[in-house]
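Have a look at the structure below, then the notes.
The values are calculated or read from the model by the stated rules, or taken from the named source; none is laboratory data. It should be emphasised that the depicted structure is a prediction, and the values quoted were computed from it without experimental measurement. Methodologically, a virtual Cβ is constructed for each residue, glycine included, from the backbone with ideal geometry; neighbour enumeration extends over all protein chains shown.
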Amino acid sequence: MDIPTHAQLLERIDAFLARHAERRPRVSERQIGVAVTNEPGLIGSIRRGRSPSLDTLNRLGRLMADYDAKLEAAATTAEDAPNPEWPLPSASKDGENIHNGDDTPDNGSMAA
């Protein structure tokens, strides 16, 4: 298991955000937090020194990897392929999508 340092975690988050800064729809820190833990301020709190749980680290890493993989797959199948939907269902703890698209938590919301 790869457990990043705080600095490494922030570098990974920043790299992910930079990769998707020009895409539409743009991925924001708020969207990541809602998709991972149903907390819009998750990434901001990590920037301020919060140490996320291992479960949250795993969900965050899975979200970023799955979204990158889905974009890569779409790019190899067709140049004009639409961006994948945000968020990916695998971001949640049990594989269920915890975000219903309007920033309101579903019944499957989780705490960090």
Check: Out of all the residues in segment 14-30, which are assigned to a helix (DSSP H, G or I) and surrounded by 19 or more Cβ atoms within 10 Å (Cβ to Cβ)?
Finding: F16
Next item on the list: Could you grab me the full set of residues in segment 1-14 that are under 15 Å from A65 (Cβ atoms) and at pLDDT below 95?
Entry: M1, D2, P4
Checklist line | Selection count, segment 33-53, where residues are over 12 Å from L9 (Cα atoms) and exposed (fewer than 13 other Cβ atoms within 10 Å of the Cβ) | finding: 2
Notebook entry, point to check: So which residues in segment 29-58 are of a type in the set (S, T, N, Q) and in contact with a helix residue (DSSP H, G or I) (Cβ under 8 Å, 6 or more places away or on another chain)?
Noted result: T37, S51, T56
Next item on the list: Select, from E22, E29, the only residue that is of a type outside the set (A, V, I, L, M), under 18 Å from A69 (Cα atoms) and free of Cβ contacts under 8 Å to residues at least 40 places away in the same chain.
Entry: E22
